[in-house]
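Below is one structure; the comments refer to it alone.
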Amino acid sequence: MGYKNLITTLQEHTDIVMTVDEKSNFNLDSKPVDGICTNVRNNILATVNADCILLIFFDPIKKVIANVHSGWRGTLQKISVKAVDKMVEQYKCNAQDIICCICPSIRKCHFEVEQDVKDSFVMEFENMFDLNEIIEEKIFGKKWNIDTVRINEILLEKRGLRKDNIIDCGICSVCNSDIIHSYRVEGKGNGLSSAIIGLK
């Protein structure tokens, strides 16, 4: 493996997941893609964040991997589920075999939003979730905290992943901004953290 096998994309908070085979052009940096999956050995999939959720997937049976960037917009669009769908449809994976690791990201304790974003989550998930589990009212109805990590966990469980195969590191990027990059702490000019997964 080497730098020439490193596959990155132009992350733009989409719900687009692409597959990469041996004949693919590895230079995906100009394409608005937020999820990548492959079954090719020596391919290295990388995503970056500074508060958004990064999820890495591995099917040890079919030997398939995926790497997904899911900010709050990606979570609304259920990109984590679309990555699982791609693994199942393209590579014949069984959802129950897939392991998902959730990397450091902003957590409910610091993901504070205003009414427009809150309303988007209510509209999308009110018939799927107990909203009291994922949305907490703050400051007398003017601000809300949303648990986007928990939303992804529930979405993946509903898609068929086993609960014990969804592994959350539990690390908040804002609470740990001394060692992990956070846009909400650093502002413009922020650094980026990365999640990397590859098949040997």
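Bear in mind these aren't lab numbers, they're just calculated from the coordinates by the rules spelled out. Only a predicted model underlies this, so the values are computations on that prediction, with no experimental measurement involved. Here the Cβ is made from the backbone with ideal geometry for all residues, glycine too, and neighbour counts use every protein chain on show.
Answer rounded, prolate or oblate for the stretch 139-188, using the Cα gyration tensor with square roots of eigenvalues a ≥ b ≥ c: rounded when a/c is under 1.5, else prolate when a/b is larger than b/c, else oblate. Verdict is oblate for the stretch 139-188. Normalised by the number of residues in the chain, the mean separation of alpha-carbon contacts (under 8 Å, six or more apart) gives a relative contact order of 25 percent.
Computed on the stretch 31-85, with alpha-carbon pairs under 8 angstrom and 6+ residues apart, the relative contact order is 37 percent.
Need one word for the stretch 84-200: rounded, prolate or oblate. Basis is the Cα gyration tensor (sqrt eigenvalues a ≥ b ≥ c); a/c below 1.5 gives rounded, then a/b vs b/c decides. Write out the running numbers ahead of the final one.
On the way: a/c = 2.34, a/b = 1.25, b/c = 1.87.
Taking the square roots of the gyration eigenvalues as a ≥ b ≥ c, the stretch 84-200 is oblate.
Only Cα pairs within less than 10 Å get springs; with that Gaussian network setup on the chain, which residue of Gly187, Gly35, Gly170 has the largest fluctuation? The residue that fluctuates most here is Gly187. Taking chymotrypsin sites (Phe, Trp or Tyr not before Pro) as exposed when DSSP calls them loop and at most 15 other C-beta atoms lie within 10 angstrom, the chain has its longest site-free stretch at 27-139. Among beta bridges identified by DSSP and lying wholly in the chain, the antiparallel ones come to about 70 percent.
Unpaired cysteine residues in the chain (no second Cys Cβ under 4.7 Å): Cys37, Cys52, Cys93, Cys100, Cys101, Cys103, Cys109, Cys169. When the Gaussian network model of the chain links Cα atoms closer than 10 Å, the mean-square fluctuations of Ile179, Ile53, Ile99 top out at Ile179. Extension gain for Met128 to Ile179 (0.36 nm times residue separation, less C-alpha to C-alpha distance): 14.8 nm.
Of the trypsin sites (Lys or Arg not before Pro) found in the stretch 25-121, the ones in coil according to DSSP and having at most 12 other Cβ atoms within 10 Å of their Cβ are Arg41, Lys92.
Between the Cα long axis of helix 115-125 and the first principal axis of the chain there is an angle of about 60°, rounded to the nearest 10. Using the Cβ-Cβ distance between Asn190 and Asn5 with R0 set to 22 Å, the FRET efficiency from 1/(1 + (r/R0)^6) comes to roughly 0.20.
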